[in-house]
Amino acid sequence: MTLRHYKIFVAVCDNMNMTSAAEALFMSQSAVSQAIAELERHYDVKLFERLSRKLYLTQAGQKLLSYAHHIIRMNAEVENDMRSLHQNGSIRIGASVTVGAHVLPKLVSKFKRMNSQTNIEVFEDNTEKIESLILRDQIDMALVEGETVSPDIVSRAFMDDELVLICGANHRFVSLSAIEPKELEQEEFIIREKGSGTRQTFEDIMTAKHLTWKAIWTCNNADTIKMAVIEGLGVSVISRRAVASEVASGLLCQISIGGIEFKRQFKIVHHRNKYLTESMEKFIELCMTNKRESSQ
């Protein structure tokens, strides 16, 4: 039995006349009669008594009418809820550490102002772990600073970023306008953990420039790195966004390196087979709009 059968049955009950029901449904009378006959055969009951050319509901017909109203009403609720879920619903967004701290909050805030009915959950970790969550369908999409490796991941750049060399206020680099790349090999570095996009960018460019480095402290967040550098325990290469306030206040110093720039791009990523709801598409469009605005 299909929803069509129940709708035809209710229409016949409303009109208590096959011809009137057929007209209301824009169907032929024979199609209406056939549907009622199919219902009666399926349930092996009589739904209508036909007396003196009039229809009367049987006890079985009255029982089925109650169920039919409920089934039709439930179907309407399902339709409304599913369409609402497609249009609003929820989005599970992953974010690597730098993006999660300095980019995603403003994007989510802006998105929520325009799409207040959409629920957003955020999961923050390094790029490698975020990629794993996408592949296991534990998040819908993510904003990351590192490179993903799986061919099943779709990646689109939406924002430029740059890592900068920082040192404490009493470091020997402070008096220099810029340093030579070889100077880096004499320093002790405080760096992010393996799997971090920040560390990947640092290591890739240092390797490309044939430079070695000594890591004395590995941590999974920018705040620890900044505090350790402020205390003079080493230097670091970290996102400009992450140290803007400390550099402005003089707690940290940003040092130029001759011939080296640690440039990268933040990316929005998702599984290539991921079904993107309307709300997910809107969030992606917001990120890409941000890219277009920043490039103007």
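The values are calculated or read from the model by the stated rules, or taken from the named source; none is laboratory data. Predicted model, so just to flag it, every value in this text is computed and none were measured. Methodologically, a virtual Cβ is constructed for each residue, glycine included, from the backbone with ideal geometry; neighbour enumeration extends over all protein chains shown. Just the protein is used for accessible areas: all its heavy atoms, side chains included, with ligands, DNA and RNA removed. Shrake-Rupley method; radii C 1.70, N 1.55, O 1.52, S 1.80 Å.
Below is a table of values for the structure above.
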{"read-out": "Leading residue at positive end of dipole, the chain (Cβ point charges), from Leu286, Asn17, Pro181", "value": "Asn17"}
{"read-out": "Å² of accessible area per residue within segment 221-296, as computed with a 1.4 Å probe and no ligands counted", "value": "50"}
{"read-out": "Rounded percent of accessible protein surface that carbon and sulfur make up, segment 141-219, 1.4 Å probe", "value": "50"}
{"read-out": "Cα-centre dipole for the chain with unit charges at Cβ (Lys and Arg positive, Asp and Glu negative), debye to 20", "value": "1060"}
{"read-out": "Selection from Ala95, Val78, Gln29, by position along the positive dipole direction of segment 20-143 (Cβ)", "value": "Gln29"}
{"read-out": "³J(HN,Hα), Karplus 6.51/-1.76/1.60, whole Hz, each residue of segment 265-277, x for Gly, Pro", "value": "10, 7, 10, 9, 10, 7, 5, 5, 9, 5, 7, 9, 6"}
{"read-out": "Euclidean distance of C-alpha centroids, segment 231-296 and segment 1-80, integer Å", "value": "62"}
{"read-out": "Two-site label geometry, Ala76 and Tyr275: point separation in nm, points 7 Å out along Cα→Cβ", "value": "2.5"}
{"read-out": "Fraction of antiparallel bridges per DSSP, the chain only, in percent to nearest 5", "value": "60"}
{"read-out": "Options Asn273, Ile216, Ser245, ranked by Cα towards positive dipole end of segment 141-296, top entry (Cβ charges)", "value": "Asn273"}
{"read-out": "Under-5 Å amide H pairs with Ala215, H placed in peptide plane, nonlocal only", "value": "Phe189"}
{"read-out": "Segment 236-287 - Rg and Dmax from Cα coordinates, angstrom", "value": "17.7, 48"}
{"read-out": "Cα-based Rg / Dmax (Å) for the chain", "value": "32.1, 108"}
{"read-out": "Residue-by-residue Karplus 3J(HN,Hα) for segment 171-176, coefficients 6.51, -1.76, 1.60, Hz, glycine and proline x", "value": "6, 5, 6, 4, 7, 9"}
{"read-out": "Cα point-scatterer Debye curve for segment 157-296, base-10 log of I(q)/I(0) at q = 0.09, 0.15 Å⁻¹", "value": "-0.33, -0.79"}
{"read-out": "Nearest-ten-degree value, helix 278-295 long axis tilted from longest Cα axis of the chain", "value": "30"}
{"read-out": "Nonlocal amide H pairs with Met141, under 5 Å, H built at 1.01 Å", "value": "Arg92, Gly94"}
{"read-out": "Spin-label pair His69/Arg4, simplified geometry with 7 Å Cα→Cβ offset, distance in nm", "value": "2.6"}
